[in-house]
Amino acid sequence: MARRPAGGAARAGRRIGLQGGVRVRRGGLATVPARAAAGCAGAPDLFTMLSSRRLRVLLVRAAALAALLLLASVPLAAADLSSQLDSTKAKEDALRAQRARDQAKVSSFQGRINELTSKLDGLQSDLDAKQAELSSLQSRLRTARSKLVKLRIEVKRDQAILAQQLVGVYESAPPDVVHVLVDAKGFADLLERVDQIKAIGHQNADVVTRLRAAKAQVAQQAKTLSRLTLKQEGLVATAASQRDAIAQIKLEVVNQQYVYVKARDSKSARINALHERRASLEKQLNKLAAAQAGVASYSGPVASGGSDGFGFFQAAGTNYSVGDEPTLAAKLNELGKALHLHLIGLSGYRTPQHSIEVGGFPNDPHTKGQASDTPGVEGVDEGTLNRFGLTRPFAGAAEADHIQLVGSI
């Protein structure tokens, strides 16, 4: 039989009252802080009664209470995320409707632009044809003017030669009949000489006449070509003006279209951002759903956590036997015990199909047995994780509990 405390100490252990500001009862304490109880009579005896076994039981109960609090907080977080997700979807749907209206405007302007482009192509073809005709006329005019210059030179030269011949004829003594008869070898020769003199005169006259006629013809041709060139230049100028007017209209339509193109592209960028936000929220909701299912079915440590409530505790229904998962669980257990953390393994290895169902990817680290989603580790910094051979590879609050082995990335 155990000895009863003597004197006042025994009485202090039996009665209920206040000693040093702390309420005590028979056989124990009602949540007594150690420092406050140290000043009470008989306090050492009361704290001695709290054996190490009871302390471990209290810690395990505290860990269970933390798990229940986590379970209770999941619906609240899920409701908030659902509200954010609904708001994000509503904004995305509204932007999609606005973008569709912008696209309709863009398409409408594009139809007008296509019409103007087709008309512009026709005007450009007509302008090119007129320009080609103008170039041909200008080339012919240059040729005619060059020929006219040459004919003028030839006419002047032949006129000069003819004039010299006429001067020579007038300056020389006219042949008399006696000399012609004496020099002639016969009557036929005499007639031939007379005919030659007449032929030379006629030939010189004919050359000058032909040159004058050619000169007049070329001059007329040059005049006609000049007139046609001026007319063609007017046609080209008119066609160019029409082309430029249509081009200006097209430019104005393109500028109007660009306003809606820019607005559409801006909305597309915002839609993409909202889509990423929605995907992130859906992933967080899926993780919370998995966490809720894991915590709800959690009935105690099924992995390597200690009886003191610190370490790594694998949730029921999870798989930590593939790839790096056993080593990862062991290191998380070391981390939890060293830092007095209660870590719950909510997701280790999962199949590609299951990964997609909970908001992941078919080839993410979980499908390779390289990752653990571990509530309770969010507040541990990267440097501390590294000391235990662990790392948090992805930034952001949604991935704060995603842990992998160092070097597995």
**Asked** If you check Lys262, Lys267, which single one turns out to be basic (Lys, Arg), in a helix (DSSP H, G or I) and surrounded by 15 or more Cβ atoms within 10 Å (Cβ to Cβ)?
**Response** Lys267
**Message:** I'm trying to understand the selection: among the residues of region 320-374, which are within 19 Å of Leu385 (Cβ to Cβ) and touching a residue at least 60 places away in the same chain (Cβ under 8 Å)?
**Reply:** Asp324, Thr327, Leu328, Lys331, Leu332, His342, Ile344, Ser347, Asp373, Thr374
**Message:** Can you tell me which of (1) in contact (Cβ under 8 Å) with a residue 40 or more places away in the chain; (2) within 22 Å of His275 (Cα to Cα); (3) surrounded by 14 or more Cβ atoms within 10 Å (Cβ to Cβ) is the one Leu405 doesn't meet?
**Reply:** (2)
**Leading residue by the ranking (surrounded by the most Cβ atoms within 10 Å (Cβ to Cβ)) among those in region 377-402 that are charged (D, E, K, R) and closer than 21 Å to Gly359 by Cα** = Asp401
**Message:** Quick check on my filter: what residues within region 294-334 are surrounded by 16 or more Cβ atoms within 10 Å (Cβ to Cβ) and either at pLDDT below 70 or at positive phi (or both)?
**Reply:** Gly294, Val295, Tyr298, Pro301, Ala303, Ser304, Gly305, Gly306, Gly309, Gly311, Gly323
**Complete:** Scanning region 229-248 residue by residue, those β-branched (Val, Ile, Thr) and either in contact with a Lys or Arg (Cβ under 6 Å, 6 or more places away or on another chain) or surrounded by 15 or more Cβ atoms within 10 Å (Cβ to Cβ) (or both) turn out to be Thr229, Val236, Ile246
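The values are calculated or read from the model by the stated rules, or taken from the named source; none is laboratory data. Note that the structure is a prediction, hence the values are computed from the model and not measured. Please note: Cβ atoms are built from the backbone with ideal geometry, for glycine as well, and neighbour counts cover all protein chains shown.
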